[in-house]
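Novice: Before we start, here is the structure in question, set down as structure tokens.
The values are calculated or read from the model by the stated rules, or taken from the named source; none is laboratory data. In this text the structure is predicted, and so the values were computed from the model without any measurement. All Cβ positions, glycine included, derive from the backbone under ideal geometry; neighbour counts span all protein chains shown. Remember, those area values only see protein heavy atoms, side chains included, never the ligands or the DNA or RNA. Shrake-Rupley method; radii C 1.70, N 1.55, O 1.52, S 1.80 Å.
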Amino acid sequence: MQITKTFVDNLSGNPSFKDYVEKLYGGGLEYQAARYKKIYDLHVATYGGEVSFYSSPGRIELCGNHTDHNNGKVLCASISVDTVACVTPLEDKVVVASIGYPEVVVALNDLEANSEEYGSSEALVRGVLAYYKQNGYKIGGFAATTSSDVFKGAGVSSSASFEVLICEILNQMYNGGVVDKITKAKAAHYAESIYFGKPCGLLDQSAIALGGVSFIDFKSTANPKVKTMDWKFDGATIVLINTGGDHCDLTSQYADIRSEMEWVASMFHARKLRKVKEDDFLAAIPELQSKVSGRAILRAMHYFEENKRVEAGVKAVKSGNFKKFSAVINGSGQSSYELLQNCYPLGDTAQRIPLGLAVSKMYAAVKAVRVHGGGFAGTILAFVDNAGVDAYVADMKKIFGDDCVYRIGVRNEGTCKVELS
């Protein structure tokens, strides 16, 4: 059907839109109706024509902290914040107008990678177009007006949300919806690593494209093994807390985790820990002490234990056992704290992440809490009983600020076209 101004003005009363709001966001009908109306009005004022809507979520890492770079296993999920686009077909270019940002314009006949574009949205769009064309998929132009609730600086992958959004628009508008979810993730990953200039794993893009809770085994980085499960734990709210801290000077500390794991692997003539048998590693610890640092040994211990926790987490999600799931998350978080050692930077006395973890553990309603993502500075993730979440959120806002505490839910739908009728 054709989406008109009258139609959009009455979205909050539309049964189809109500269903989408519940499915994608878990509520907030009036807010989402106003949000969609805003980008529609902005879009048609500039581009006119027939429009369609698309939605691409953010993501969180549940378990598998710093394992992917050594071909390990991870458990991640798409979440109920997203990038929304109002889209109209064009002939020879892609134009993206994101609210609050400069307009992005990419010509379809100019798809070569350009290092001068590193770090830009133009690079991401150009990279996705190039991947589609190189792999035999159709490309075409479009204009998109976007609005994003995927908060930046909290490790929920706003860039990957944008990349996979572009992939899905091309998929639906020019390829009849035949591009599978992992191929979209690979296209987005290609854009970010080759065109955007940021070497990365496939975790972020996969979680966003797939939706729900995703188990990813990176034994083969070219073709990772993926399983997707629905989130069944409706009795708990996920709270993401940005505890503060600056990531700018932490690159070397992030890199040390990978290099130290690979240092241990090299003692077994392997490039990655995935190629090393855990029993061989444990038996060799007495000798390893004179060859690698104690911290490297501890980080390798985390790696092997974390892969097993991911497997246990998969079983807990599949069976709907929240108690077991919470135990897995708490175990993962404690291991990140003690063995991986990524909860505060070297020499840091503010220790915002440890503060957030310590305070969170004082609440009976908090069933699991852990550092989120890369660590050292930034965010923690808490799983809180619904009955106690209001008090917990209110108290954490007093410590970390109103704009640093977010309630989120797992979204079982990945990046998609929003079909309205």
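Novice: Please give the number of the condition Ala377 fails out of (1) in contact with a strand residue (DSSP E or B) (Cβ under 6 Å, 6 or more places away or on another chain); (2) closer than 24 Å to Leu340 by Cβ.
Specialist: Unmet condition: (1).
Novice: Give segment 262-313 a look and list any residue that's among the polar types (S, T, N, Q), in contact (Cβ under 8 Å) with a residue 12 or more places away in the chain and in a helix (DSSP H, G or I), or say none. Give the derivation first.
Specialist: At the first step, the residues of segment 262-313 found to be among the polar types (S, T, N, Q) are 266, 289-290, 293, 307.
Checking which are in contact (Cβ under 8 Å) with a residue 12 or more places away in the chain leaves us with 293, 307.
Within segment 262-313, Asn307 is the sole residue that qualifies.
Novice: Go through segment 41-73 and count every residue that is of a type in the set (D, E, K, R), open to solvent by 20 Å² or more (accessible area, probe 1.4 Å) and either touching a Pro at 6+ places or on another chain (Cβ under 9 Å) or over 15 Å from Val8 (Cβ atoms) (or both).
Specialist: In the first step, residues of segment 41-73 are kept if they are of a type in the set (D, E, K, R); the result is 41, 50, 59, 61, 68, 73.
Checking which are open to solvent by 20 Å² or more (accessible area, probe 1.4 Å) leaves us with 41, 50, 59, 68, 73.
Then keep just the ones that are either touching a Pro at 6+ places or on another chain (Cβ under 9 Å) or over 15 Å from Val8 (Cβ atoms) (or both); that gives 50, 59, 68, 73.
Residues flagged as of a type in the set (D, E, K, R), open to solvent by 20 Å² or more (accessible area, probe 1.4 Å) and either touching a Pro at 6+ places or on another chain (Cβ under 9 Å) or over 15 Å from Val8 (Cβ atoms) (or both) within segment 41-73 amount to 4.
Novice: Next up: With the requirement that a residue be outside any loop (DSSP other than H, G, I, E, B) and open to solvent by less than 50 Å² (accessible area, probe 1.4 Å), what does segment 247-261 give you?
Specialist: Looking only at segment 247-261, we keep the residues that are outside any loop (DSSP other than H, G, I, E, B), and these are 251-261.
Across segment 247-261, the qualifying residues are Gln253, Ile257, Glu260, Met261.
Novice: Among the residues of segment 149-201, how many are of a type outside the set (D, E, K, R) and in a helix (DSSP H, G or I)? Even if it seems obvious, please write down each step before you answer.
Specialist: Let us first name the residues in segment 149-201 that are of a type outside the set (D, E, K, R), namely 150-151, 153-162, 164-167, 169-179, 182-183, 185, 187-191, 193-197, 199-201.
Subsequent filtering for residues that are in a helix (DSSP H, G or I) retains 158-162, 164-167, 169-174, 182-183, 185, 187-191, 193-195.
Within segment 149-201, residues that are of a type outside the set (D, E, K, R) and in a helix (DSSP H, G or I) number 26.
Novice: Can you give me the number of residues within segment 186-235 that are closer than 13 Å to Asn412 by Cα and among the acidic types (Asp, Glu)?
Specialist: Residues in segment 186-235 being closer than 13 Å to Asn412 by Cα and among the acidic types (Asp, Glu): 2 in total.
Novice: From the list Leu75, Leu29, Leu11, pick out the single residue that is within 30 Å of Tyr254 (Cβ to Cβ) and either modelled with pLDDT of 95 or more or in contact with a helix residue (DSSP H, G or I) (Cβ under 6 Å, 6 or more places away or on another chain) (or both). Before you say what the answer is, go through the steps one by one.
Specialist: Working: Leu29 fails: within 30 Å of Tyr254 (Cβ to Cβ); Leu11 fails: within 30 Å of Tyr254 (Cβ to Cβ).
Exactly one residue qualifies, and that residue is Leu75.
Novice: On the basis of being buried (at least 19 other Cβ atoms within 10 Å of the Cβ) and either farther than 25 Å from Ala77 by Cβ or touching a strand residue (DSSP E or B) at 6+ places or on another chain (Cβ under 8 Å) (or both), does Val276 make the cut? Write out each step before concluding.
Specialist: Numbers: buried (at least 19 other Cβ atoms within 10 Å of the Cβ): yes; either farther than 25 Å from Ala77 by Cβ or touching a strand residue (DSSP E or B) at 6+ places or on another chain (Cβ under 8 Å) (or both): yes.
Considered against the rule, which asks whether it is buried (at least 19 other Cβ atoms within 10 Å of the Cβ) and either farther than 25 Å from Ala77 by Cβ or touching a strand residue (DSSP E or B) at 6+ places or on another chain (Cβ under 8 Å) (or both), Val276 comes out as yes.
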